[in-house]
Structures are given as C-alpha cells and as structure tokens.
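Step one of this worksheet: look at the structure below.
Values quoted throughout were computed directly from the atomic coordinates according to the rules given, and no laboratory measurement underlies them. This structure is a prediction, so every number in the text was calculated from the model and none was measured. Note that each Cβ is placed from the backbone with ideal geometry, even for glycine, and that neighbours are counted across all protein chains shown.
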Amino acid sequence: MAAGARSVPGIGPLVFLGAPGAGKGTQAKELVKRYGAPQISTGDMFRDNVSRGTELGRRAKAIMEAGGLVSDDIVNGMVEERLKAADCAPGFILDGFPRTVPQAEALGAILERMGRPAPLVINLGVDYNILLRRLTGRRSCPQCGKIYNIHLQPPAREGFCDVDSTPLIHRPDDREEVIRERLAAYEAQTRPLVDYYRARGRFHEVDGSQAADAITADLFRLLDTAAPGAARV
Ligand code: AMP
C-alpha cells in the first residue's frame, strides 16, 4: 500500500470514464496515493507490452498508432487476468477500461464471477478545446509514469522529469493526426457507456474541465462519502 494511504478495506471496483485527455490517468494516480488501490490502465499495459516486444504488444502496436481500439477479446482477457492478482482484492481503479459496451458487459460478468459488487463509475466530462490542449501538451516520464503538460503543468526543467530526471516522452498517439482518430473512437464507441452506466446506478459526474487539483478535491469528496470502504479513518 502506498505511503499515506488509508488503512481501510478499499474502495471496491471503480471505473473512470472520460475522453482521452480527460485526466483519468492523472487522477487515478491521486486516488492510488490516498486509497491504496492499484491503478489498472489498459493503455499502460499495452504500452508496456509494446516496449517489451511481446506477442500482445505486436498485435496492439499498429492499432494504437492509428488511434483505433484493440479488439474486445484481447482487452477483456488481459483485464480479467490482471484483476485476479492479490493487490486487487480490496479494490482497484480502472483507467481506460471499459471502452465499449461489450467491454462493460464483460466487466460485469468478470466481477460477478469474482463475487465483486458492480463498479462505482465516475465520468470526467471535459470541454473539447481543453481536451485538445491537454493531449497536444501532454508529456510523460517513461520511468515513473508522472504526467506533465507543457502548457499547464510543465516540469521544472524543460524536457526532464522532476522526480527522477528521466527525459520526458511525447506519446506517439498524442500527435495531432492520431488525436483526431482517438477522439472519434471515443465518440463512437466509448461515450455510449455514459448512458449505459447512468441507467445502472452508482454513476457520478465530475467536472473534468477544472484544474487538476480541483478535480482531485471533488473526487476525494465524492469517494469519501460514496464508497463505503473509502471513508477516512
Ligand atoms: P490510453 O492510454 O488509455 O489512451 O490507451 C492508449 C491506446 O491503447 C488506445 O488508443 C487504444 O488503442 C488502446 N487501448 C487502451 N485501452 C483500451 C481498451 N479498453 N479497449 C481497446 N483499446 C484500448
């Protein structure tokens, strides 16, 4: 469990919905620090497989570079395996999954098989122009995963991570041509999940257009009251 995390049973399964650039990854890292539940980012898992040159990475690479979605079967299998790990027992934060209605149905079935409750779902809604600014300015540390934005949250030394001085990277799919494809995939395939989960309860909206620390404060307020195991001790 991360330093400073609460010694509580956990926050259960949590799903972060939102367009690329909405801040799911940045905010998930804040929740990890506060609640100790692991962040399960399917995008990070694919990037890790691509960099290690695995068979999974080989299959995902071209799709990711084009801004498309990896097939549901591959993603669902990868997530189910990950959720069986011991660190997921008290709860986990899903970032970037589910991204399609069939994935949401698969998640429901996986949780049922595991005897887990339905997820708490938080949608980070963000103004389109803010999304574009966040995506084009995003840089990340390949070593520790810290996320920066050259316009909004630049590192102290341009191009280098504040934590470990590693040169920052610009994700290949954060280039403008690919961003357009990713946002189109979001609109067509992921946005319908907002209605899907709204109809199933345990659904909350948080204004993702705010500054990062204001979003974090809203999330803490929400989770400290909405998730039974998450109350501060
Ligand atoms: P992300 O870091 O969440 O923006 O994901 C980067 C890329 O990985 C996406 O543009 C997709 O190509 C792929 N990916 C990540 N999660 C999923 C998912 N749940 N379903 C399909 N493709 C995914």
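If you run the Gaussian network model on the chain, springs between alpha carbon atoms under 10 Å, then out of 99, 113, 133 the most flexible one is 113. Shown for the chain: cysteine residues without a partner Cβ closer than 4.7 Å, namely 88, 144. Where only DSSP H runs of four or more residues are counted, the chain gives -13000 deg cm²/dmol as its mean residue ellipticity at 222 nm, each run worth -39500 (n - 2.57).
Averaging Cα coordinates gives a centre for the range 132-168 and one for the range 37-51; these two points are 18 Å apart.
To make sure I understand, if each residue's beta carbon is the centre and we count other beta carbons within 10 Å, what order do 144, 88 fall in, fewest to most? Don't jump to the answer; show the numbers that get you there.
Details: 144 11, 88 18.
Fewest to most other Cβ atoms nearby, the residues stand as 144, 88.
Distance between the pseudo-spin-label points of residue 209 and residue 195 (7 Å out from Cα toward the beta carbon): 2.2 nm. Dipole magnitude for the range 87-168: computed about the Cα centre from +1 point charges on Lys and Arg Cβ and -1 point charges on Asp and Glu Cβ, it is near 180 debye. Mean sequence separation of contacting Cα pairs (under 8 Å, at least six apart), scaled by the length of the chain, corresponds to a relative contact order of 31 percent. Applying the Karplus relation 6.51 cos²θ - 1.76 cosθ + 1.60 with θ = phi - 60° to the range 201-218 yields 3J(HN,Hα) values of x, 6, 10, 9, 10, 10, 6, x, 7, 6, 5, 3, 6, 6, 5, 4, 4, 4 Hz, where x marks Gly and Pro.
Do you know the relative contact order of the range 39-112, to the nearest whole percent, from alpha carbon pairs under 8 angstrom that are 6+ apart?
Details: 48 pairs, mean separation 27.7, N = 74.
Relative contact order, the range 39-112: 37 percent.
Taking packing as the residue-averaged number of other Cβ atoms within 10 angstrom, the listed peptides 180-186, 36-42, 79-85 run from highest to lowest as 36-42, 180-186, 79-85. Rounded to the nearest 5, the antiparallel percentage of DSSP beta bridges internal to the chain is 25%. What do you get when you divide the Cα radius of gyration of the range 1-153 by 2.2 N^0.38 Å, with N the number of residues? Cα Rg divided by the expected 2.2 N^0.38 Å: 1.05.
Going down the list 61/84; 24/146; 33/146, which pairs span over 19 Å between their C-alpha atoms? Distance filter (> 19 Å) returns 61/84.
Length gained on full extension, residue 58 to residue 143, computed as 0.36 nm times the residue gap minus the Cα-Cα distance: 28.5 nm.
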